[in-house]
Amino acid sequence: MKVLVINAGSSSLKYQLLDMDTEKVLAKGLAERIGIDGSNVSYQPAEGEKIVVEEPLKDHKDALDIIIEKLTDPKVGVIENIEEIDAVGHRTVHGGEEFAHSVLIDDAVIKTLEEVSELAPLHNPANLTGIRAMEEILPDVPQVAVFDTAFHQTMPEESYLYAIPYEYYEKYKVRRYGFHGTSHDFVSKHAAELVGKDRKDLKIIVCHLGNGASISAVRNGECVDTSMGMTPLEGLIMGTRSGDIDPAIIEYICNKEGLTVEEVNAVLNKKSGVLGLSNHLSSDFRDLDEAAQGGNEYAKLALDTYCYRVAKYIGAYAMAMQGVDIIAFTAGCGENNYAVRAGVCEYLKYLGVVVNDEKLHIRGEDLIVSEPESSVTVMIVPTNEELSIARQTMEVIK
Ligand code: AMP
């Protein structure tokens, strides 16, 4: 069985074709600058050179046409014809309260997705564009929507409700939804496998520390709390997003700087986080590490504040679950960044966590970094959202 995974953004489209008998990636790539000058599509077969096609792409369908052409190309392709594609899995950002699981896409699902788009105006319309384009190209192939929010739908009311008038929840569905669900699901499952236990018997905290960052508490296989909220702005400090702030700051900055609410919202999303804290030095942790080592005080402040926030959430989630068996680091920083992992683990000593500093330096592989006497098993688990989407797609079409 072969599954094509599509992650459509507003002007980009990432894809991977996976052979689900072996779970190996057959080919992958990225279409960029869709609808903008200078667009291109990259195509990388598992065994072969990367190819970049530079062609105008007026929409996502143009990009997908090129992708299908390359996948089936007699010379560089990895399948003979499009009939070999058994299903398409679409990363879909917001499923609202309507979708607690992945679903087979039909007209009713598309209608609900359109309604939910109000909650994720930057993401869901782009996801829908990818779905519609794919339906045109492969009308007879099952298409599955896999939601970033679905894994978090098990959260109890006390985790997902905000303390604002209840009618805003009833009328407008204002609540915590949480994101990165496919990653939190994949990593918590794999973390349990690494200690040879069932996820149903464990309390796991997953720290997804990428450019976007979120943390989740997974008790007995179900998410009970997560740091991102109604939108991906809440919670941890991120590359460019502020994470938690006092909501009154928005009005205050509007008045002081003469900005509109939309403009301050853009500042919180695009100019804050470690970028803002480092005095606009960088949102990339590699730059910040280097600058901090060179004595840059802003970079050091950004890193320290970042680690503190992660540790604070771990403390809260250990309390929320009444214990924690595993803390798993994942995504760009979680998988690769020694300084961040070491900075967070320093706080965890209080919990009785003992880590091996040499192992904390190792990058990008499944690895238990705590010592046997540690009260909590700390590990690095590289995430694989595409594989998670492909697996969920298989479950739906079965
Ligand atoms: P992601 O969004 O998961 O791709 O994560 C991106 C973040 O991971 C960026 O801030 C990178 O600086 C960070 N990152 C990736 N590789 C490394 C590395 N080798 N060392 C430090 N940070 C890294």
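The values are calculated or read from the model by the stated rules, or taken from the named source; none is laboratory data. Keep in mind it's a predicted model, so treat the numbers as computed, not measured. No Cβ is skipped: glycine too gets one built from the backbone with ideal geometry, and neighbour counts run over all protein chains shown. Note: areas computed on protein heavy atoms with side chains; ligands, DNA, RNA excluded. Shrake-Rupley method; radii C 1.70, N 1.55, O 1.52, S 1.80 Å.
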- Query: Can you pull the semi-axes for the stretch 126-257, root of five times each eigenvalue of the Cα gyration tensor, sorted largest first, whole Å?
  - Reply: 28, 24, 16
- Count neighbours as other Cβ atoms within 10 Å of each site's Cβ, and list the trypsin sites (Lys or Arg not before Pro) in the stretch 229-322 that are DSSP loop with at most 15 such neighbours. Lys271
- Item | Average accessible area per residue (Å²) across the chain - probe 1.4 Å, nucleic acids and ligands excluded | 48 Å²
- Query: aspartates and glutamates within cross-link reach of Lys58: Cα-Cα under 13 Å, excluding same-chain residues under 8 positions apart?
  - Reply: Glu32, Asp37
- Note on the structure: Quick calc, Ala342 & Lys271: beta-carbon distance into FRET formula, R0 25 Å, rounding 0.05, result 0.35
- Surrounding net charge for Ile389, when Lys and Arg each add one and Asp and Glu each subtract one, Cβ distance under 13 Å: -2
- Computed on Cα atoms, the radius of gyration and Dmax of the chain in angstrom are 21.4, 62
- Candidate span helices, the chain: DSSP H, at least 27 Å along axis from Cα coords, Kyte-Doolittle average at least -0.5, result 297-320
- Note on the structure: If one builds a Gaussian network model of the chain from Cα atoms under 10 Å apart, the most fluctuating residue listed among His180, His361, His60 is His361
- Query: Using unit Cβ charges (K, R positive; D, E negative) and no other charged atoms, how large, in debye to the nearest 20, is the dipole of the stretch 242-309 about its Cα centre?
  - Reply: 40 debye
- Task: With springs connecting C-alpha atoms under 10 Å apart, model the chain as a Gaussian network and identify which of Ser374, Ser102, Ser242 has the largest mean-square fluctuation.
- Result: Ser374
- Query: Check Cys223: other-chain or 5+ apart residues with amide H under 5 Å from its amide H, H built from backbone geometry?
  - Reply: Thr154
